[in-house]
1. What is the gain in length, in nm to one decimal, between residue B:233 and residue B:192 on full extension, counting 0.36 nm per residue of separation less the C-alpha to C-alpha distance?
2. Quick one: which residues, 5+ away or cross-chain, put their amide H under 5 Å from the amide H of residue B:12? H built at 1.01 Å from N.
3. Mind checking which of A:96, A:105, A:41 has the largest fluctuation in a GNM of chain A, springs on alpha carbons under 10 Å?
4. Defining a contact as two alpha carbons under 8 Å apart and six or more residues distant in sequence, what relative contact order in percent does chain B show?
5. Please work out how much length the chain gains when fully extended from residue A:61 to residue A:139, using 0.36 nm per residue of separation minus the C-alpha to C-alpha distance, in nm with one decimal.
6. Who wins for biggest fluctuation among A:114, A:91, A:38 in a Gaussian network model of chain A, springs between alpha carbons below 10 Å?
7. Hey, can you grab everything whose amide H is under 5 Å from the amide H of residue B:67? Only 5+ residues off in sequence or another chain; H modelled, so Pro and N-termini drop out.
8. Once the stretch B:113-226 is represented by equal point scatterers at the alpha-carbon sites, with solvent omitted, what log10 I(q)/I(0) does the Debye formula produce at q = 0.12, 0.14 Å⁻¹?
Amino acid sequence: MESAKTLQKALIRANPKTDLYVDLAEAATGISLVAFLWIHMLFVGTILFGKQIFDLLAESLDKYYLAHIGIPAVIVIFLVHIFVAGRRAPWRLSDMQTTWRHARMIAHTDTWIWVGQVVTALIIVIMGSIHVWSVMYEWPITAAKSALRVDSGYLWFYVLLLLAGEYHAGFGLYRICVKWGLISNRRTAGWVLKVITVAIVAIGLGALYMFKKFGGAL
Amino acid sequence: MSNRQLKISVFRYNPNLPDDKPRMQEYQLEEQQGMTLFVALNKIREELDPSLMFDFVCRAAICGSCAMMINGKPRLACKTLTKDLPSEITLMPLPVFKLVGDLAVDTGTWFRDLQVRTEAWVHTDKEFDSQALEDRMDNETALAIYEPERCIECGCCVASCVTANIREDFIGAAGINRVARFMVDPRDKRSDAQYFEVVGNEDGTFGCVGLMACDDSCPIQVPLESQLAWVRRKMALAGLKL
């Protein structure tokens, strides 16, 4: 390898594995967050079977200390993911300009999907934080409280967060599969993940509909 | 049936002229049967504008000189038939590489730098004997080397890559694929740790975001998607063992 030409390059070389660890952390936190999000949506989806089942599940989260471990863990993973995956995004103005112009010029689907991943990431950072805060503030979770929240103007907030979250999760996992070659064919990987994402979005929209309905009746 | 009139809009700019400003210039010419963009450009230069700069050598998708952005996509001009394009065609030089003028870019300096940085040659302590027969190699290995070795260094993959466009030191798919070729070569005595030193970083395999524009743009279909993933996995394992 060519020799380091500057002090900073030489110092970076002193820890040659940093880039590997950061890349692995990006994939590991990403996979964890997708797993969390999908399970989270299945849990939320229990509202489709009625308030009792939803409340029972919410209670058991506390009863078995799942919430006590799970929520701080997810917040830490979320923050690490922002830091390690965020480094990929074009943050300098000139990089943003180049990225935007380039994406428009080559009109390449996967490149546009990635631009979408960056945009949804920003939406999730802001709205996800608000969501976590508002749920924690009213802890513990009950169907009645969630229904009131959705009915009191949060409906469109949640529709947007759901779409942004599932888009980012689905294509994020797709990206990991492609980068690491976890699935031999990216068309297959894309198709499978799109089906899962559409299913989860359907569950989410169904749950929002139920909350809205219960909220209106309260 | 009369032939189509082609409107070819070309990026014009000569960075060596102090007062020159980048602009688009339009040329009109009649489409001929079996016309490639390479033929069209030569016709423009011969009949309409001798000052137009563009590169070509082989006309047969072997030399990789005539890569350019054809309606926004990196393609070889010699391998692109005008009949597969709309009658309005926009031509831009490849991004990332140093602009020579108009459609001509200097891919040579970039690739030379790549070869030096990745030490793209067989590393061996075996004394070369010009009289001896070459060592035998099984067909499977030979094919595994041949596949990445097919790269013609046209630069389409690099030009299509967002990361290469915004990170100057990123070696791109061409670079990672180049190193992959030596990794499978039994004559190269480098260890995984040595390869990790070369590509196990953000300028190499871990800098790839995985947008696969390279894989979709390669004019000779080098399997870049699987090559990139293979190098990434191999380097991750090598790094973890260090």
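What follows draws every value from the coordinates through simple rules; no lab data is involved. Note that this is a predicted model, so its numbers are computed, not measured. Positions of Cβ are backbone-derived with ideal geometry, glycine not excepted, and every protein chain shown enters the neighbour counts.
1. Working: separation 41, 0.36 × 41 = 14.76 nm, distance 1.17 nm.
Result: 13.6 nm gained on full extension.
2. Placed amide hydrogens put B:23, B:24, B:25 under 5 Å from residue B:12.
3. Looking only at A:96, A:105, A:41, the largest GNM fluctuation is found for A:105.
4. On the way: 389 pairs, mean separation 41.4, N = 242.
Relative contact order here is 17 percent.
5. Working: separation 78, 0.36 × 78 = 28.08 nm, distance 1.14 nm.
That works out to 26.9 nm of additional length.
6. Maximum among the listed residues: A:91.
7. Hits under the 5 Å cutoff: B:77.
8. With one equal scatterer per Cα and no solvent, log10 I(q)/I(0) is -0.45, -0.60.
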